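Worksheet for the structure shown next.
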Amino acid sequence: YTPRIRFKGFTDAWEQRKVGDFAKESNIIGHTGIDAKKITVKLHCKGVEEATEAQSGSCNTRYYVRKAGQFIYGKQNFFNGAIGIVPKKLDKYESTKDVPAFDLNSSVDVEWLYYFMSRPEFYRSIEAKCTGTGSKRFHVDNFYLIELSTTQTNEQRKIATFFFNLDHLITLHQRKCEKLKNIKKSLLEKMFA
């Protein structure tokens, strides 16, 4: 596989691989549902955040420690974009097996993997691979079977940095746009009140 668009200096063909070739589920045992500082993965690639539950969890529910930089997803909502990377501020927070986290070997950049999987046409296609009755889940065994084309890590990092900077620029302009909308609203209220 060779992408239609490349950064200058990269010409090697991308290699077809399975996620299981470079990812391993993290299973560091943490607290029970009562004591764990919990995290959750938001839908539509909106990030990983601290879970704000009205009631504490069960003492029978096992939680697992998650580390900054791990790839993480929600089994019930992978196909709704419940994917992310554990941020530094949530290092050592915990989730259950329904929100697995993964360490990647040095051949794949976690941010590149995130951008690859954050495309709606990719994560929506996962629904067909979910199993179970009632609420379907995308299990780790199926995650490991995902096939994708990868390139060398220096090209992966360049791609991830490009999209990170683009996201930053989009956020900056969204804030400016919101500020201008608020100014307009205020001026309209003052002029026509």
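The values are calculated or read from the model by the stated rules, or taken from the named source; none is laboratory data. All values reported here derive from a predicted model rather than from experimental measurement. Cβ atoms come from the backbone with ideal geometry, glycine included; neighbour counts cover every protein chain shown. What goes into the accessible areas is simple: the full protein's heavy atoms, side chains included, and nothing from ligands, DNA or RNA. Shrake-Rupley method; radii C 1.70, N 1.55, O 1.52, S 1.80 Å.
General observations
- Loop-located trypsin sites (Lys or Arg not before Pro) in segment 1-46 (DSSP state not H, G, I, E or B) with no more than 10 neighbouring Cβ atoms inside 10 Å: ARG4, LYS8.
- Difference of contour (0.36 nm per residue) and Cα-Cα distance, LYS176 to LYS46: 44.8 nm
- Over all orientations, the chain has a Cα convex hull whose mean projected area works out to 15.5 square nanometres.
- Carbon/sulfur fraction of accessible area - segment 1-121, other protein chains in place, 1.4 Å, %: 48 percent
- Given +1 at the Cβ of Lys and Arg, -1 at the Cβ of Asp and Glu and no other charges, the dipole of segment 1-90 around its Cα centre is 260 debye to the nearest 20.
- Spherically averaged projected area in nm², based on the convex hull that wraps the Cα atoms of segment 34-102: 4.3 nm²
- Cβ-based charge dipole, the chain, positive-most Cα from ILE83, LEU187, ALA68: LEU187
- Taking the Cα centre of the chain as reference, the dipole from Cβ charges on Lys and Arg (+1) and Asp and Glu (-1) amounts to some 760 debye.
- q = 0.19, 0.26 Å⁻¹: log10 I(q)/I(0) that the Debye formula gives for segment 83-157, counting C-alpha atoms only: -1.00, -1.44
- Segment 129-193 - charge dipole about Cα centre, Lys and Arg +1 at Cβ, Asp and Glu -1, debye rounded to 20: 480 debye
- Rolling a 1.4 Å probe over the heavy atoms of the protein chains gives the chain an accessible area of 63 Å² per residue.
- Dipole axis of the chain (+1 Lys, Arg; -1 Asp, Glu on Cβ), positive-most option in SER107, SER95, PRO120: PRO120
- Here LYS179 is the anchor, and the aspartates and glutamates within straight C-alpha reach of less than 18 Å, apart from those fewer than 8 places off in the same chain, are GLU189.
- Count, lysine Cα pairs under 14 Å in segment 28-164, 8 or more residues apart or across chains: 14
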